[in-house]
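Down below is the structure, laid out as structure tokens.
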Amino acid sequence: MDIKVPRGTQDILPSETEKWQRVEELIRETCRMYQYKEIRTPIFEHTELFTRSVGDTTDIVQKEMYTFQDRGDRSLTLRPEGTASVVRSFVEHKMFGYADQPVKLFYMGPMFRYERQQAGRYRQFVQFGIEAIGSADPAIDAEVISLAMSVYQKAGLKKLKLVINSLGDTESRVAHREALVNHFEPHIDAFCSDCQNRLKKNPLRILDCKVDRNNPLLASAPSLADFLNEESSAYFEKVKEYLTLLNIPFEVDPNLVRGLDYYNHTAFEIMSAAEGFGAITTLAGGGRYNGLVQELGGPDSPGIGFAMSIERLLLAIEAEKNEWSDLSTLDAYIIGMGEAAKKKAVELTNELRLNNISTEMDYLDRKVKTQMKSADRLNAKYVLVIGDDELEKECVMLKNLSTGEQQLIPWNKLIEQLKNSMKA
Ligand code: ATP
Ligand code: MG
């Protein structure tokens, strides 16, 4: 038998899970600071939820969904993204009636898209995302962007680029859409069959096409920026003002469209400019979706959110090689030389652990030199050696592996001493 993981999926091995957990903790902590509360929705939903919200001319719905019939003949789909489910839940549980608005939610969990596998692109990946539903204040747009930026910054990333655009309101988009149809229609035969379908249904999607991306007609297409009505422009100006107020540098890219249909007004992406990050540089994407709650059967509640994958965040950390790429979590490694010292080592190992000092020791009766190598590999901060001499003096030899400093410490002072020097 030769069964491997399905294409586009991966096992996250013990050497990696540590980083995942750290990043997840950092995210939960950041959400606490910004007061976004976790929501957990099912991994699969009725297919119609995604065709209605993400849009049936998008890549996600046309090519990427894992859709199946269940035994009751319902069409279900493994969720390809989080916003649709969160908004469905918002409507289903009448969260628009909550006393405190906007309702601020976050989610973190696996998403599924049938995509071509490449670095940074998986068929199962973990997305963290937030949604703020119930406010059309441009200050909340800035808050949402600021939360995403601060997750990356706290993970030590420095080479970040924020790109924003405004997709405008319905009126602006209708005007722009007409201009796009007029622009592409005479030359549509030169485009892929998907784009030919998109022309009448959703010409904006042509700008986001991966097949025709180099067609010069894309670059010369009428820009949404020229079709924003006064209200949409004013809104966009305010968002930019708030970002400036928060000291968040940004670039405006009038061609930023985003791959989902429900967006309007603010759209943004955060990219990594780190060398060696690879071809895919987008870390996170998001935007405003003022019609979506209504589309899914709720009242006219405006919303905004973003999503990022943990996989790409970890790739960016790897590319920037900061302190997060080498997380060490072992505080102490205890070496007992000889029968009697081994007993003491077992005892001390247990005591340190009970005092929240992560500790490891040898269980293979290996040579001291081999144990030292082990301590090194495990990235231990301290090695504690007990030999005959130390046994007699009721001490351990404490060695700081980063400075090389050695010190004889009495057993009854050990915990205190370790805690103090770990703080320093
Ligand atoms: P892309 O242009 O890279 O396909 P997208 O527009 O499909 O991205 P969104 O649907 O906006 O991406 O998802 C938001 C974020 O989720 C992305 O910025 C990325 O971090 C992550 N993401 C999307 N698809 C994948 C995937 N297949 N594997 C890993 N992460 C992904
Ligand atoms: Mg995609």
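To keep it simple, each residue is scored yes or no on (1) closer than 29 Å to residue 15 by Cα; (2) polar (S, T, N, Q).
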site	(1), (2)
355	yes, yes
363	yes, no
368	yes, no
374	yes, yes
400	yes, yes
414	no, no
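Conditions (1) within 20 Å of residue 159 (Cβ to Cβ); (2) within 9 Å of ligand 1 (Cβ to nearest atom); (3) of a type in the set (Val, Ile, Thr); (4) outside the structural domain of residue 123 (by TED's automatic domain parsing), marked per residue:
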{"position": "264", "(1), (2), (3), (4)": "no, no, no, no"}
{"position": "274", "(1), (2), (3), (4)": "yes, no, no, no"}
{"position": "301", "(1), (2), (3), (4)": "no, no, no, no"}
{"position": "307", "(1), (2), (3), (4)": "no, yes, no, no"}
{"position": "312", "(1), (2), (3), (4)": "yes, yes, no, no"}
Among 144, 163, 151, which is the only one that is open to solvent by less than 40 Å² (accessible area, probe 1.4 Å) and either part of a strand (DSSP E or B) or within 16 Å of ligand 2 (Cβ to nearest atom) (or both)? 163
Looking only at residues in segment 68-96 that are among the hydroxyl-bearing types (Ser, Thr, Tyr) and in contact with a Phe, Trp or Tyr (Cβ under 9 Å, 6 or more places away or on another chain), which one is farthest from residue 261 (Cα to Cα)? 75
Anything in segment 48-75 that is away from ligand 1 (no atom under 16 Å from the Cβ), surrounded by fewer than 18 Cβ atoms within 10 Å (Cβ to Cβ) and within 25 Å of residue 201 (Cα to Cα)? List them, or say none. 48, 67, 75
Could you please find all residues in segment 199-217 being within 19 Å of residue 172 (Cα to Cα) and touching a residue at least 24 places away in the same chain (Cβ under 8 Å)? 201, 202, 203, 204, 205, 206, 207, 208
Please go through segment 311-336 and give me each residue that is more than 16 Å from ligand 2 (Cβ to nearest atom) and touching a strand residue (DSSP E or B) at 6+ places or on another chain (Cβ under 7 Å), ordered by number. 313, 316, 319, 330, 331, 332, 333, 334, 335, 336
Given the options 396, 346, name the one that is open to solvent by 40 Å² or more (accessible area, probe 1.4 Å), modelled with pLDDT of 95 or more and hydrophobic (A, V, I, L, M, F, W, C). 346
Quick count over segment 103-146, residues being hydroxyl-bearing (Ser, Thr, Tyr) and away from ligand 1 (no atom under 16 Å from the Cβ), is 2
Go through 415, 386, 357, 409 for me and flag whichever is touching a Cys at 6+ places or on another chain (Cβ under 7 Å) and either surrounded by 13 or more Cβ atoms within 10 Å (Cβ to Cβ) or among the acidic types (Asp, Glu) (or both). 409
Index of the failed condition, residue 256 passing every other in (1) in contact with a helix residue (DSSP H, G or I) (Cβ under 8 Å, 6 or more places away or on another chain); (2) within 16 Å of ligand 2 (Cβ to nearest atom); (3) within 30 Å of residue 187 (Cα to Cα): (1)
Could you pull out the residue among 200, 158 that is open to solvent by 20 Å² or more (accessible area, probe 1.4 Å), not hydroxyl-bearing (Ser, Thr, Tyr) and not in a helix (DSSP H, G or I)? 158
Does residue 287 count as within 16 Å of ligand 2 (Cβ to nearest atom), within 17 Å of the chain's Cα centre (by Cα) and of a type outside the set (A, V, I, L, M)? yes
Condition test on residue 258, is it free of Cβ contacts under 8 Å to residues at least 60 places away in the same chain, open to solvent by 20 Å² or more (accessible area, probe 1.4 Å) and in a loop (DSSP other than H, G, I, E, B)? no
Answer residue from segment 325-337, given it is open to solvent by less than 40 Å² (accessible area, probe 1.4 Å) and at pLDDT 85 or above and is nearest to residue 275 (Cα to Cα) among those: 330
So residue 235 passes all but one of these: (1) surrounded by 14 or more Cβ atoms within 10 Å (Cβ to Cβ); (2) under 19 Å from residue 261 (Cα atoms). Which condition number does it fail? (2)
Does segment 183-197 include one or more residues that are outside any helix (DSSP H, G or I) and either in contact with a Ser or Thr (Cβ under 9 Å, 6 or more places away or on another chain) or surrounded by fewer than 16 Cβ atoms within 10 Å (Cβ to Cβ) (or both)? yes
Could you please give the count of residues in segment 304-351 that are under 28 Å from residue 19 (Cβ atoms) and acidic (Asp, Glu)? 6
Quick check on my filter: what residues within segment 203-232 are open to solvent by less than 30 Å² (accessible area, probe 1.4 Å) and of a type in the set (D, E, K, R)? 205, 212
Within segment 82-133, of all residues that are at pLDDT 95 or above, surrounded by fewer than 21 Cβ atoms within 10 Å (Cβ to Cβ) and among the small types (Gly, Ala, Ser), the one farthest from ligand 2 (Cβ to nearest atom) is 99
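The values are calculated or read from the model by the stated rules, or taken from the named source; none is laboratory data. Just so it is clear, the structure is predicted and the values come from calculations on it, not from any experiment. Using ideal geometry, Cβ is built from the backbone for each residue, glycine included, and neighbour counts are taken over all protein chains shown. Calculation scope for accessible area: heavy atoms of the full protein, side chains included, ligands and nucleic acids excluded. Shrake-Rupley method; radii C 1.70, N 1.55, O 1.52, S 1.80 Å.
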